[in-house]
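K.L.:
Before I ask anything, here is the structure I am working with.
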C-alpha cells in the first residue's frame with residue numbers, strides 16, 4: 001500500500017467506517033445494490049440531466065428529467081438485489097418521480113449553477129513513509145454555483161433521513177463536501193465560499209430542503225489545536241489501520257460488502 005488512487009466521492013466514507021472503506025476501496029469487495037440505493041442513483045440521474053441541459057442552454061422540462069429518472073430506475077447499470085425491507089420498484093418510481101419534479105420546480109431555480117458533477121484535477125496527498133494517496137474523479141451528485149459571496153458547492157443528497165422536521169440534515173456531510181471544496185479549489189485555483197446540502201427525502205412524504213451554506217473544508221484542513229481529517233487519513237493509510245464503526249448508519253447488509261464477515265457489527 002504505497003500509491004493508492006481513491007475516488008473523491010468515496011473519500012468521506014473513510015471517516016464513517018474505515019473497515020467498510022478498506023473492504024470496498026482497497027480490497028475491492030463489492031455487493032449488489034438495493035432498491036433504495038437504485039432510487040437514489042436514478043433520482044440523481046434525473047436531476048443532473050435537468051441541470052446539465054440548463055447549463056448548456058438547452059430546453060428541458062421536469063417531464064423530460066422524469067423520463068431520465070424512469071429510464072435509470074428501470075435499466076440500472078449495476079446488479080440490484082431486493083432486500084427484505086426494501087421498497088417495491090413501483091413505490092420507488094412514485095417517490096422518485098415526485099422528488100425529481102420537486103427538484104426541478106422548487107430547488108433548481110434557487111441556484112445559478114456553473115458546473116454539474118464536474119471532473120476534478122487529481123489531488124495528491126503525501127502520507128509520509130512512502131505512502132501516497134491520489135484523489136481523482138468527479139463531484140458526483142454535486143454542483144458548483146455562483147452566489148454573492150462567491151462559489152459554493154451544493155451537494156444533492158437522497159435518503160429517508162436527509163430531511164428532519166423540514167430541515168436538511170448536514171450531520172456527517174462535511175467529509176465528502178469538504179473534499180469537493182478542496183478539490184474544486186485545487187482544480188480551479190480559486191477559493192470557495194462554502195458548501196450546501198440539497199436534501200431529497202425518499203420517505204413516503206418526499207420532503208425536500210436546502211441547508212444554509214457552511215464551511216465543510218475546515219474539518220479536512222484542521223486548526224492549530226486539532227488535526228484535520230486529511231492528516232488523520234494520512235496516519236491511517238501509513239499505518240494500514242482502518243477502524244470499524246458499528247454505530248454507522250451504513251452498517252447493514254444492504255450497504256456494506258464486508259457485513260457478513262464483520263465481527264464488529266451489532267445486530
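The values are calculated or read from the model by the stated rules, or taken from the named source; none is laboratory data. All figures in this text were calculated on a predicted structure; none of them were measured in a lab. Here the Cβ positions follow ideal geometry from the backbone for every residue, glycine too, while neighbour counts run over all protein chains shown.
K.L.:
Being in contact (Cβ under 8 Å) with a residue 60 or more places away in the chain and over 21 Å from residue 128 (Cβ atoms) is the filter; apply it to region 204-245 and report the residue that is surrounded by the most Cβ atoms within 10 Å (Cβ to Cβ).
P.N.:
Of everything passing the filter in region 204-245, 216 is surrounded by the most Cβ atoms within 10 Å (Cβ to Cβ).
K.L.:
Across region 111-137, what is the number of residues that are free of Cβ contacts under 8 Å to residues at least 24 places away in the same chain and crowded, with 17+ Cβ neighbours inside 10 Å?
P.N.:
0
K.L.:
Sort out which residues of region 181-202 are surrounded by fewer than 16 Cβ atoms within 10 Å (Cβ to Cβ) and in contact with a helix residue (DSSP H, G or I) (Cβ under 8 Å, 6 or more places away or on another chain), and write them in order of number.
P.N.:
Passing the criteria: only 191.
K.L.:
Please determine whether any residue of region 201-208 is assigned to a strand (DSSP E or B), touching a strand residue (DSSP E or B) at 6+ places or on another chain (Cβ under 7 Å) and under 23 Å from residue 116 (Cα atoms).
P.N.:
For region 201-208, residues assigned to a strand (DSSP E or B), touching a strand residue (DSSP E or B) at 6+ places or on another chain (Cβ under 7 Å) and under 23 Å from residue 116 (Cα atoms): present.
K.L.:
Of the conditions (1) part of a loop (DSSP other than H, G, I, E, B); (2) touching a residue at least 24 places away in the same chain (Cβ under 8 Å); (3) under 19 Å from the mean Cα position of the chain (by Cα), residue 191 clears all except one; give me its number.
P.N.:
(3)
K.L.:
Just one of 42, 48, 92 is touching a strand residue (DSSP E or B) at 6+ places or on another chain (Cβ under 9 Å) and either closer than 18 Å to residue 162 by Cβ or modelled with pLDDT under 95 (or both); which is it?
P.N.:
Result: 48 is the single residue among 42, 48, 92 that is touching a strand residue (DSSP E or B) at 6+ places or on another chain (Cβ under 9 Å) and either closer than 18 Å to residue 162 by Cβ or modelled with pLDDT under 95 (or both).
K.L.:
Let me confirm something: among 13, 40, 57, which residue is out of contact with any helix residue (DSSP H, G or I) (no Cβ under 6 Å at 6 or more places or on another chain) and surrounded by 15 or more Cβ atoms within 10 Å (Cβ to Cβ)?
P.N.:
Of the residues listed, the single one that is out of contact with any helix residue (DSSP H, G or I) (no Cβ under 6 Å at 6 or more places or on another chain) and surrounded by 15 or more Cβ atoms within 10 Å (Cβ to Cβ) is 40.
K.L.:
Select from region 104-127 the residues that are assigned to a strand (DSSP E or B) and touching a helix residue (DSSP H, G or I) at 6+ places or on another chain (Cβ under 7 Å) and write down the one among them that is farthest from residue 141 (Cα to Cα).
P.N.:
It comes out as 127.
K.L.:
Taking residue 216 as the residue in question, decide whether it is in contact with a helix residue (DSSP H, G or I) (Cβ under 6 Å, 6 or more places away or on another chain) and either at pLDDT below 95 or assigned to a loop (DSSP other than H, G, I, E, B) (or both).
P.N.:
In short, yes.
K.L.:
Among the candidates 155, 140, which residue alone is touching a helix residue (DSSP H, G or I) at 6+ places or on another chain (Cβ under 7 Å), farther than 22 Å from residue 30 by Cα and in contact (Cβ under 8 Å) with a residue 12 or more places away in the chain?
P.N.:
None of the other options fit; the residue is 155.
K.L.:
Further, regarding this structure: Can you name the helices (runs of 4 or more DSSP H) wholly within region 1-70 that have at least 2 residues being over 20 Å from the mean Cα position of the chain (by Cα)?
P.N.:
Result: 35-55.
K.L.:
As an exercise: evaluate residue 26 against (1) under 30 Å from residue 105 (Cβ atoms); (2) in contact with a strand residue (DSSP E or B) (Cβ under 9 Å, 6 or more places away or on another chain) and give the number of the one condition it does not meet.
P.N.:
Failing condition for residue 26: (1).
K.L.:
Out of (1) under 14 Å from residue 201 (Cα atoms); (2) in contact with a helix residue (DSSP H, G or I) (Cβ under 8 Å, 6 or more places away or on another chain); (3) part of a strand (DSSP E or B), the odd one out for residue 97 is which?
P.N.:
(3)
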